[in-house]
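Read through the structure below, which is laid out as structure tokens, and then see the notes.
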């Protein structure tokens, strides 16, 4: 009878994310905790031979030391006594070497569970560091970057994969993959819950649709009066004048859309890490953008009544 194995793979993205460093550290701690069991099994597998080697070297050292301590020059002769001494010294060195090899192997195996953070910026390129959640967050606090990619574990644990990507233009994305469907499902639920809490409602301000409609309404409200006067003044040529007026409205609309979109996306970044006592730039920009939106109906109303 064959046993079916079920894997897990899922990804999701949000157009904006704003939170403080503790929010990010909490998400990374969840990843670290989820990988703890897999890392422990990996370390046990990778260090098994070295553990056995240390135990064998320990027994040899104890035996050679006991043989040396049990004899003297008078009882076995100087040559044999020196031989027992060299055996005791050699086995002690071998024991120390075996312990050092085990320590190094264990360190390399444990590194498979470290979180890798790749920071990217236009001026400084890409820089990658590895460490615990606390170490990663402490490093991020002292750096300036436009993108950060957080991945775990290392290549040695290919059955598990977690990637959290932050980008100040695209927002945040999460990908979880695993040959263990239960592990993947549990971690997916935990991370989506944590990340979704910091997805701001004002991310809609970055929408091209909202920006485009706002720009068009604003320009229509401000220019509808002069354009209507132009059409009325044309008399019998009103249809042609109206067509020309419509074309004239396209150019400033496209130009204004580009400038407003660029300004809004600078004021409202898709990814914003703040200190616990600070407000996200997007939240601050809501008031400014709200005032701009309020001017649209006011402009239309003034042109209508005039």
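The values are calculated or read from the model by the stated rules, or taken from the named source; none is laboratory data. Keep in mind that what you see is a predicted model, and the values were worked out from it rather than measured. Cβ: placed from backbone, ideal geometry, glycine included. Neighbour counts: every protein chain shown.
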Practice item. Would you be able to say whether some residue in segment 132-142 is surrounded by 15 or more Cβ atoms within 10 Å (Cβ to Cβ) and assigned to a strand (DSSP E or B)? Key: no
Check your understanding: Condition test on residue 38, is it touching a helix residue (DSSP H, G or I) at 6+ places or on another chain (Cβ under 8 Å), part of a helix (DSSP H, G or I) and modelled with pLDDT under 90?
Key -> yes
Study note, to complete from the structure: Restricting attention to segment 160-201, the residues that are assigned to a loop (DSSP other than H, G, I, E, B) and exposed (fewer than 15 other Cβ atoms within 10 Å of the Cβ) number exactly 2
Review point. Residues of segment 263-275 being closer than 15 Å to residue 208 by Cβ and modelled with pLDDT of 75 or more, which ones?
Key: 268, 270
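Residue-by-condition table, conditions (1) out of contact with any strand residue (DSSP E or B) (no Cβ under 6 Å at 6 or more places or on another chain); (2) closer than 20 Å to residue 196 by Cβ; (3) touching a residue at least 24 places away in the same chain (Cβ under 8 Å):
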position	(1), (2), (3)
107	yes, no, no
113	yes, no, yes
134	yes, no, yes
156	yes, no, yes
162	no, yes, yes
172	no, yes, yes
Revision key, fill the gap. Exactly one of 94, 32, 46 is buried (at least 16 other Cβ atoms within 10 Å of the Cβ), assigned by TED's automatic domain parsing to the domain that holds residue 185 and in a helix (DSSP H, G or I), and that one is 32
